[in-house]
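The values are calculated or read from the model by the stated rules, or taken from the named source; none is laboratory data. Given the structure is predicted, the values throughout are model-derived calculations rather than measurements. Please note: Cβ atoms are built from the backbone with ideal geometry, for glycine as well, and neighbour counts cover all protein chains shown. Accessible surface is based on the protein model in full, side chains and every heavy atom, while ligands, DNA and RNA are left aside. Shrake-Rupley method; radii C 1.70, N 1.55, O 1.52, S 1.80 Å.
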Amino acid sequence: MNSSKWIWRSVSIVSIVTTLVLLVGFIYAIKDVNAPQVGTEAIERPSQQLGEGVADSMDSKKEYKIAAIGDSLAKGTGDETGSGFVKRSVEGLAKSSGKKTTLLNNLGINGLTTDGLVTKLDEEGVQYVLKQSDVIILSIGGNDLFQGAQLLSSAKGESETSAGAESTNSAHEVTAEKIQSALPKASAQLKVVLEKIRVINPDSYIVYVGLYNPFGDMKELKTVGNEAVTRWNNVALTTINKYENMTLVPTYDLFTHNLKRYLSSDHFHPNAEGYQQIANRIVQGIQ
């Protein structure tokens, strides 16, 4: 009899303890669902992915320090005023933003190709300028695709007739075969250029000026030139899309139906009006 009572008491006590344990576990489970614990790694990851410098928009800067690098378009060849799109962009940005805007240096070189620029980016002086810049304007690729057409402005005193003849002869040196053969290597070098500039200055805003086809009015070069320029710009975009503070300014549409209006007499570089149109795009791209 006493033995039976002891057994039932033991069973009751075990049942009560088990019930309490289950109840406590249930309460903790409900609490965890409603207010889950977040680890340190989960909290820190978003800020690590964002990266330093990317969060700082151009609007937060008190002034703009600008550098330009690349080929003859960066230099402004073909513009009789010598301003090109670089000086025009600096002036336009200062006017539209109301902020102090300074051109640190224009490192544009006539005839420069992607190969040459890759080497140039290893120079200490070039790196110094780029590291000080808030905005880096880049123009490169035209000399790679359109070999033989990178004419310089006519020498002082040279007649318009002789300059026109030189332009025509040089334009005919550009062939569909040359354009197609240059595209693979040059486009690969473009990726190297963009990524090297990004490493040199991780916080700068890089503006790459896209290509246009200066020979879109020549039957034998219109289609192949348009296709090459389109592929080139797409390669640039693929690289540019990897970064927050890098953009491509399109120029193809500006020149396609306005070659006579926007090209200089050498049939390759923009004239003053053409450079102004590009500068307008650059300012829009920065802001």
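Structure summary
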read-out	value
Highest average packing first - 232-245, 66-79, 115-128, Cβ atoms within 10 Å	66-79, 232-245, 115-128
Candidate residues LYS61, LYS100: accessible-area rank, largest first, probe 1.4 Å	LYS100, LYS61
Stokes-Einstein D in µm²/s, Kirkwood radius over Cα pairs - the range 173-232 at 25 °C with 0.890 mPa s viscosity	188
Qualifying lysines (Cα of each under 29 Å from Cα of LYS65; at least 8 residues distant if same chain)	LYS75, LYS87, LYS95, LYS99, LYS100, LYS120, LYS131, LYS191, LYS196, LYS242
For the range 63-286, the spread of Cα positions along each principal axis, largest first, Å	45, 37, 31
Chain lengthening between LYS185 and THR256 when straightened (0.36 nm per residue, less Cα-Cα)	23.0 nm
Cα-based convex hull, the range 91-143, per residue volume (Å³, whole number)	90
GLU80 - accessible surface, heavy atoms, 1.4 Å probe, Å² rounded to 10	150
Cα-based equivalent ellipsoid of the range 209-287: semi-axis lengths in Å, sorted from largest, via gyration tensor	23, 17, 7
